[in-house]
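Written out below as structure tokens is the structure these notes cover.
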Amino acid sequence: MKKLINNPADVLVESLRGVALAHPELSVDFDTHVITRATPKAQGRVAVVSGGGSGHEPLHGGYVGVGMLDAAVAGEVFTSPTPDRVQAATKAVDRGAGVLHIVKNYTGDVLNFEMAAELAAMEGIEVGTVVVDDDVAVQDSLYTAGRRGVGLTVLLEKLVGAAAEEGQDLASVVELAKRINGQGRSMGMALTSCTVPAAGKPTFDLPDDQMEIGIGIHGEPGRHREPLAPASDIARQLVEPILGDLDASGPAIVMLNGMGGSPLIELYLMYGEVAALLEKAGVQIARNLVGDYITSLDMAGCSLTVLKADDELLRLWDAPVNTPGLRWGA
């Protein structure tokens, strides 16, 4: 295993130390592994909290900042954060208007965030929750009850973060989050496995001449394994399941996401392929992202997320955001 680490057991804490040094606009609690804004938003505004296992950077800690999250809770690699740490994040950022929890649909995350919400309620903090389940590759897996939460999480954090920033109340932010979840779908693929530092070896064996279609962000099995194919064929296998599950005709926000180990030259090539297929199918790409936004450590491969958009979503998308993992606007 070749990685830029010291002791595998210390990867998360040492990474968080680097985040704190690199980004003074963030505050890092090394005891709870919670990242918050160094300067909280105004009193009376809804706060937005997310989190999950580490290894998907820049998700979630990279999206703490103006226009997105108020706090992110970092679990160990591919391991859900505990309820007490989620509660600590919730309590730290509550500004008196309630807190939205954005939870990816993995059993541990759902249970631990649910328990944290109950603990917060006992302290008088109102919590709303959205469970993201956008992965069309599976209905059920060993890791989830229902579809997995993957790339749509990034778009949802951006959009509801903007809504909370502008002062929408908790009920409105929750309703918006659930609407976004219903209008977005994702599909991913892998060329290689990832290697979890504590394990020291690839999570699964994938021969050089094979690829996995429908892979999960923790290395969970996909729909099927098949011989390596040209990018145009891979693009078709990402687009068709999404459009088979979602009427995305009209304006859309599209993300071509790298899984951590594929260079941008390949990601832009793939974006060109999927964009042509989507436009041919009547999907008008109104906004886009191309790059590494929700990764799986060092896995080579990519995922596609398509969100059916409307005027409100496009307006929220264009709102200023300033976070380490995503920046635009003034």
Being at positive phi and within 22 Å of the chain's Cα centre (by Cα): is that true of GLY62 here?
no
The correct count of residues that are of a type in the set (Gly, Ala, Ser) and open to solvent by 30 Å² or more (accessible area, probe 1.4 Å) in region 283-297 is 1
Open item on the list: One residue is enough: does region 166-175 have a residue meeting the conditions crowded, with 20+ Cβ neighbours inside 10 Å and either on the phi > 0 side of the Ramachandran plot or in contact (Cβ under 8 Å) with a residue 40 or more places away in the chain (or both)?
Closed with: yes
Handout entry: Any chance ALA145 is buried (at least 22 other Cβ atoms within 10 Å of the Cβ), under 30 Å from GLN237 (Cα atoms) and touching a residue at least 40 places away in the same chain (Cβ under 8 Å)
Key = no
Would you check if there is a residue in region 252-259 being touching a residue at least 12 places away in the same chain (Cβ under 8 Å), open to solvent by 40 Å² or more (accessible area, probe 1.4 Å) and farther than 22 Å from GLU175 by Cβ?
no
Filtering region 1-55 for residues that are open to solvent by 20 Å² or more (accessible area, probe 1.4 Å) and assigned to a strand (DSSP E or B) leaves a count of 5
From the option list LEU243, LEU228, LEU238, single residue qualifying as closer than 20 Å to VAL132 by Cβ, open to solvent by 10 Å² or more (accessible area, probe 1.4 Å) and touching a residue at least 12 places away in the same chain (Cβ under 8 Å) is LEU243
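The values are calculated or read from the model by the stated rules, or taken from the named source; none is laboratory data. Keep in mind it's a predicted model, so treat the numbers as computed, not measured. Cβ atoms come from the backbone with ideal geometry, glycine included; neighbour counts cover every protein chain shown. Accessible surface is based on the protein model in full, side chains and every heavy atom, while ligands, DNA and RNA are left aside. Shrake-Rupley method; radii C 1.70, N 1.55, O 1.52, S 1.80 Å.
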